[in-house]
Amino acid sequence: QQEHQLAPNCGMDDIPSSEFDYHNFDAREFVQRYRKRIPLPQLQRGLRAHHAATRQELIELINEKYADFVSLSSRMQGVERALRPLRAPLEESSNMTRGLRTKLGALVAQADEAHEKLAKVRDRRDALAAYIENAKLLDKVKESTNQRWGNPQESDDFLREHVAQENIARDLRRIRLSLGGKPRGGGHAPTTEAKQEDECAGLLKEAAEFEELFAGRLHERLSGLVASAKRSFESVATNEESEVTSTGPNRMELLALAHVSRALVTLGRTDAVEAVFAQVFVQATLQDATSVCTAAVDESQRRGPTETGATNLGPFFDHARASLLSENSTLLSLARRLRGPTEEFADDIGMEQSTFDDADGLLDGSLLEVPGLCLVANAVVGPVLWHVQQTWPNVFMPAFPNAFAANYAHAASFTRAAEALMTPSERRNFATGHVLLDFRRRWKTQVYVSLRSKEAMQLLDTAATKSKVSSSAAGTRSEQPPHVVNGRGFWLDISAEAIRVLGLVWSDGWYMDAICPKAVQLSLEIIARYGQAVQSLVVFENKADPQHAGGWDAKSVPPTWAPSSWPVQLSRACADVLTVQSSIRGEVGAKGPVTENSVSNWVLRRLLAQSGQVCADGRAGEIVGTLLGEACDGLEPVLRTLEAGMLRQVVSAACKEFGAIRGIPAFYRMLNKPVPTKATAYVDSALRPIQALMEVSAKVAPDLAVQGWLRHAVDSAAAEFSVQAAQLLESEASLKKRLGARGGGESQVSDLEKIHIQLCLDVEAFTAGAAALGATFTQAPGLAKLAEAVEPIRSTFEAHRTT
């Protein structure tokens, strides 16, 4: 019944024939869709009728084309008869082709099998050849190792021994690589799919065992040579103090040390070489530096430190830097010689590279070069950073933020000093190496940033509360700002504190290289919080008592705004916002900061110090200027709100005086007064609040801002004046129509004309006073409205101007 009510008149004619043309026609979906529009019995009858009609149409089509169907059937029978003789030859050819394919497949399989056997034979031959060659080379190496070089005290035998050791290292490395062994020191093994022969595997194992023994002997020899070189340098320093002539390591010792180091590097044991230098030169220094640091911490705690339990790593890094990274450092002197002349320093800081002085004269640096050796990074900085992690694991937690930042700064200063002594390649490897990255990851900078953010916001909230209290208690006249930060004066506590906190964020006591993006974010949050705090002063103003809400002292001579009035307080707040904007923006040039003591200057100096060089295209300065400029633009709505609150008070005081306009008709009507020649006193009274605003704000705000405030105040006052004048003229015109007569007066000047003349004089005096304040018709549209309001009576005023 419901289906009948939905579509009582629908039928099959309402169903388009295209519904049945889809290749994926679904009968179930079709019935479910149309049964909602057509009753099911009616839909069933319609579908049957449609089926019968379609079937009949198909039969008629077949009957109409019957001759064509019969002709096509006859032609197909002819084709079948023509193809019947060809079927047997084609089947025979197909069978022959299959047989040929089977034979060819067997031949190809035999060829592949023969090829594999041949490849195995070749691989076996190559393996045997490699085995024979490397076995001979290993025997030669063992023989060279067991060779005795006569008197070790003879320079030629001494050097030949170490040259032979370097050659042995090259041969062992060649054996390992030839037999498919994996290179040491981060190399890649040669890729091959062939299985390693048992003979080669055994030979490789034998060579590896011998290599370990030989490397151990080299390690012991290197330890002795490095210790001897250290003693030689120390004897030089001692004799210099006692003025006794002495030489450092001689030529043979330096060359032997270079040969043994190169041999170990060739064997892929660069880390062992660097560990020897660290053990001989650095470990004792670390122990001394730790003792100095512990003594300094104990002494500071006895004196009553501000952060009890905090560890100051400054003495540790200072001692390590003076001992290991100074110009007289023994380790740096050896690193200078072993570095060789192949790499140049990117910085002008550093050490000569071409020739080096030794005990026997000038020694060519190429003879001492040990490629791949990074003594400064891995023998000095690495052990120092690792020692800090093991000895003082608690310094990486910002339990004491000031000590945390100071320790990070000490570590960063130490690493920068070390990087200045590295070659460019060594510096790049050190910057991306795991030693420095792991050390930096240990510092819990996220926790530190959270603590500093909380501290900064607490400082701002405290200053905001002080600003509200001082604003409500203001009652004395102050000619100078009570707060001075970075040479700039501020009237509000919150303004001075905002700049002071921004300075803290980028100071050495707070800033860390790792938190540069977070420091920028915190600076933006501080600026936004400052804007909210200053804007809350306007809300506080709206809830203030009437004494502070008004503050116009009309009894003073001359009348002025009281020091506690909101125009004075808000003008100072506006001046503070403008000063804060100037302190943030500063001036940034293409090659660096121009304005000192500005936030942009602080940020840019940090960025340039972190990048190590000034961007040639000024991109860093552009980014800083844009970012901080947008933050300053966010203070513009706050400034507009403060200005609106201040001008609302000033305009209200000025507009109250315009009520005297209604007394002009009573003064002239039926009293036979003379024709007026000067403006009424209320004009000066109306202009006085604006003039007083100029006097109090000119001392605290920029001239450009004060001029804008005066123009807005004049514009609003003039608009109110025009309304009052228009109402007066309208009421007088209505009265004239009702009376229909003129009042008496001097020289036939009616009372109404006297009223008009007086109003024009008042308007003219107000316009002149506005011009003296710097407001013109183009800058203050209210003046144009005022002139338009008295334009109908201007002719009367001009006619009697000389009367």
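The values are calculated or read from the model by the stated rules, or taken from the named source; none is laboratory data. Treat the numbers as computed from the prediction; the structure is a model and nothing was measured. Glycine gets a Cβ as well: all are built from the backbone with ideal geometry, and neighbour counts include every protein chain shown. Remember, those area values only see protein heavy atoms, side chains included, never the ligands or the DNA or RNA. Shrake-Rupley method; radii C 1.70, N 1.55, O 1.52, S 1.80 Å.
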Of the criteria (1) hydrophobic (A, V, I, L, M, F, W, C); (2) more than 16 Å from residue 463 (Cβ to Cβ); (3) over 29 Å from the mean Cα position of the chain (by Cα), which one residue 506 fails: (3)
Residue under question is residue 688, and the condition is that it be open to solvent by less than 50 Å² (accessible area, probe 1.4 Å) and in a helix (DSSP H, G or I); does it hold? yes
Return yes when residue 710 is part of a helix (DSSP H, G or I) and in contact with a Gly (Cβ under 8 Å, 6 or more places away or on another chain) and no when it is not. yes
Sole miss for residue 588 among (1) over 26 Å from residue 534 (Cβ atoms); (2) at pLDDT below 75 is condition (1)
Within the stretch 770-792, work out how many residues are open to solvent by 10 Å² or more (accessible area, probe 1.4 Å) and in a helix (DSSP H, G or I). 10
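This table checks each residue for (1) of a type outside the set (Ser, Thr, Tyr); (2) farther than 30 Å from residue 19 by Cα; (3) open to solvent by 70 Å² or more (accessible area, probe 1.4 Å).
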{"position": "49", "(1), (2), (3)": "yes, no, no"}
{"position": "53", "(1), (2), (3)": "yes, no, no"}
{"position": "56", "(1), (2), (3)": "yes, no, yes"}
{"position": "60", "(1), (2), (3)": "yes, no, yes"}
{"position": "67", "(1), (2), (3)": "yes, yes, yes"}
{"position": "88", "(1), (2), (3)": "yes, yes, no"}
{"position": "109", "(1), (2), (3)": "yes, yes, no"}
Answer from 495, 523, 564, 571 - the residue that is at pLDDT 90 or above and either among the charged types (D, E, K, R) or over 23 Å from the mean Cα position of the chain (by Cα) (or both): 495
In the stretch 624-632, is there at least one residue being part of a helix (DSSP H, G or I), at pLDDT 75 or above, of a type in the set (Ser, Thr, Tyr) and within 30 Å of residue 468 (Cα to Cα)? no
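Given the criterion closer than 23 Å to residue 216 by Cα, part of a helix (DSSP H, G or I) and open to solvent by 100 Å² or more (accessible area, probe 1.4 Å), identify the matching residue among 140, 117.
Numbers: 117 fails: closer than 23 Å to residue 216 by Cα.
Among 140, 117, only 140 is closer than 23 Å to residue 216 by Cα, part of a helix (DSSP H, G or I) and open to solvent by 100 Å² or more (accessible area, probe 1.4 Å).
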Against the conditions (1) over 30 Å from residue 799 (Cβ atoms); (2) open to solvent by 40 Å² or more (accessible area, probe 1.4 Å); (3) not small (Gly, Ala, Ser), where does residue 671 fall short? Just the number, please. (1)
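Residue-wise test of (1) touching a residue at least 60 places away in the same chain (Cβ under 8 Å); (2) open to solvent by 30 Å² or more (accessible area, probe 1.4 Å); (3) assigned to a loop (DSSP other than H, G, I, E, B).
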{"site": "255", "(1), (2), (3)": "yes, no, no"}
{"site": "260", "(1), (2), (3)": "yes, no, no"}
{"site": "263", "(1), (2), (3)": "yes, no, no"}
{"site": "271", "(1), (2), (3)": "yes, yes, no"}
{"site": "282", "(1), (2), (3)": "yes, no, no"}
{"site": "289", "(1), (2), (3)": "no, no, no"}
{"site": "292", "(1), (2), (3)": "no, yes, no"}
{"site": "298", "(1), (2), (3)": "no, yes, no"}
{"site": "301", "(1), (2), (3)": "no, yes, no"}
Would you confirm whether or not the stretch 643-654 contains a residue that is in contact (Cβ under 8 Å) with a residue 60 or more places away in the chain and open to solvent by 60 Å² or more (accessible area, probe 1.4 Å)? no
Filtering the stretch 749-777 down to residues that are polar (S, T, N, Q) and at pLDDT 85 or above, which residue is nearest to the chain's Cα centre (by Cα)? 776
So which of 379, 406 is part of a helix (DSSP H, G or I), modelled with pLDDT of 90 or more and within 25 Å of the chain's Cα centre (by Cα)? 406
Is there any pair with a first residue in the stretch 395-424 that is in contact (Cβ under 8 Å) with a residue 40 or more places away in the chain and closer than 18 Å to residue 505 by Cα and a second that is aliphatic (A, V, I, L, M) and part of a helix (DSSP H, G or I) whose Cβ atoms are under 7 Å apart and which are 6 or more apart or on different chains, and what are they? 398/447; 398/451; 401/451; 407/395
